[in-house]
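In what follows, a single structure is set out as structure tokens and then discussed.
The values are calculated or read from the model by the stated rules, or taken from the named source; none is laboratory data. Note that the structure is a prediction, hence the values are computed from the model and not measured. Cβ placement follows ideal geometry from the backbone for every residue including glycine, while neighbour counts extend to all protein chains displayed.
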Amino acid sequence: MNRPRPEPVQVIKERRDRALKTLVGGIPYVGFLGIRFDRRGDELTAVLPFDDKLIGNPFLPAIHGGVTSAFLEITAMIELSWSILWEEMEQGTLDPRKLDADHLPRLPKTIDLTVDYLRSGLPRDAYARARVNRSGRRYASVHVEAWQDNRSRLFAQATGHFLIPSRDDPQ
């Protein structure tokens, strides 16, 4: 029996990293805030590096609530899109040569996002992870948690509901 030879692990990793970079690059505000994503297998951790422009209250100082909300929403959207993309890559339904902005899944549309501000975001790097609670063909529910120094001491969390555009929907 002649099976095709599997691709080298490094080639697969590079393809996944390129797909994630293209996906994240589709949101210009990500670049403005400086958010990056660390990938370990199918798990993503969003990183918001501290910058003085993120401070909303200089007297505390604390990260602006809008920045915190955007960080959580972006993390949820990327996690949801990544979970869809990951499934397509693993099933082989996505041609590896077509991993560009024109062939990646379109970003989900936010229906609502409820943010719980648990404590002030301090002037330091922040981290977030999202978990897709439910994902159907058109609707998904995602929970996000953000922390700074200690993962068990969250400074914010959010639950969002998203409309998942089908690949057939017009842009």
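When residues in region 122-150 are screened for being of a type in the set (Gly, Ala, Ser) and modelled with pLDDT under 95, 2 of them pass. Looking only at region 144-164, residues that are in contact (Cβ under 8 Å) with a residue 60 or more places away in the chain and surrounded by fewer than 19 Cβ atoms within 10 Å (Cβ to Cβ) come to 1 in all. Within region 109-124, residues that are under 26 Å from Asp52 (Cβ atoms) and in contact (Cβ under 8 Å) with a residue 24 or more places away in the chain reach partners that are exposed (fewer than 12 other Cβ atoms within 10 Å of the Cβ) and basic (Lys, Arg) with beta carbons closer than 8 Å, at six or more positions or on different chains, in the pairs Arg119/Arg153.
Of the residues making up region 125-142, those that are crowded, with 16+ Cβ neighbours inside 10 Å and touching a residue at least 40 places away in the same chain (Cβ under 8 Å) are Ala126, Tyr127, Ala128, Arg129, Ala130, Val132, Ser135, Ala140, Val142.
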